[in-house]
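Here's the structure we're looking at; comments come further down.
A short reminder: the numbers here are calculations on the coordinates, not readings from a lab. As the structure is a prediction and not an experimental result, all values here were calculated from the model. For neighbour counting, all protein chains shown are included, and Cβ atoms are generated from backbone atoms with ideal geometry for every residue, glycine included.
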Amino acid sequence: MHLLAAALYAGLAVHLWRTRWRGPVLGQPAGGLKLGERGLLLVALAAHAVSLRMAIFDGNSMHFGFAIALSVMLWLAIALYWIESFYARMDGLQVIGLPAAAVAAMLPALFSEAHVLTNAGSMAFRLHFLTAMLAYSLFTLAALHALLMATAEKGLHRGRISPLLAGLPPLLTMEALLFRLIHVAFVLLTFTLISGAFFSEALFGKALAFNHKTVFAILSWLIFAALLTGRHLRGWRGRVALRWTLTGFAALLLAYVGSRFVLEVILGR
């Protein structure tokens, strides 16, 4: 299933490259996803979801590591993009998202050693886990969105923008969507940190264990809190907002994925 999902993502990316992003078609504005392309992406998402279900759940136990975390984040981000594409033209996200999703779909198969989660049978823990993954995925989508905006803004300043990016909404519209994503993700991240503190208190007798994951998660929360405060009080936008978004996402990525990568791949634990 991992290979099937990766092949479908990659196949769709190649198809869009040939029909949207090169050759004579570059002289025309890019169109949205057609019905068949949208259906193929949905099949790829379904195959990816099945592969993740098989990788994570083994009877009553749950397996999780950096490879599964990245794969889940990209799956949810692409799923959210698929839904979002019904309401807004975000075709440029395909350029970054589909190749990244193809790689992410293969990661659990390439790095199969995953940490077994304790308390996986608890509904409260699963709610905490789901909220954390939704927060990570929304921030992933926001980071991809920010990269797309930065590319479009750079092209505008140079007076030269590709037809694919020319089909995007105005930058102000994209910026408003970016901050809607960040607002929702920030609320989910806040809930994740609070529920994580309760679990830590119940399991280890202290609300916060100051390890790499906690430090980077709190750092990411502080960065996004500062970004939203600056947005509301000082009207931060443009490159300043994009830099803060990408910096906060990098810290969030290091919070779990980075620490698990070090433990699982570099240290072999």
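Tabulated results
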quantity: Neighbour-count ranking [beta-carbon atoms within 10 angstrom, fewest first] of Ile194, Ile83, Ile68, Ile96; calculated: Ile83, Ile194, Ile96, Ile68
quantity: Exposure proxy order (Cβ contacts within 10 Å, fewest to most) of Ser112, Ser71; calculated: Ser112, Ser71
quantity: Förster-model FRET efficiency, 35 Å R0, Ala7 and Ala250, C-beta, rounded to 0.05; calculated: 0.75
quantity: Nearest-0.05 FRET efficiency for Val240 and Val187, computed from C-beta distance (R0 25 Å); calculated: 0.65
quantity: Förster radius 30 Å - calculated FRET efficiency between Ser112 and Val215, Cβ distance, rounded to 0.05; calculated: 0.60
quantity: Separation of the Leu35 and Tyr87 label points, Cα + 7 Å toward Cβ, nm; calculated: 2.4 nm
quantity: Residue order, fewest to most beta carbons within 10 Å, for Thr151, Thr245, Thr190, Thr173; calculated: Thr173, Thr190, Thr151, Thr245
quantity: Projected label distance in nm at Asp58 and Thr229, using a 7 Å step from Cα toward the beta-carbon; calculated: 4.4 nm
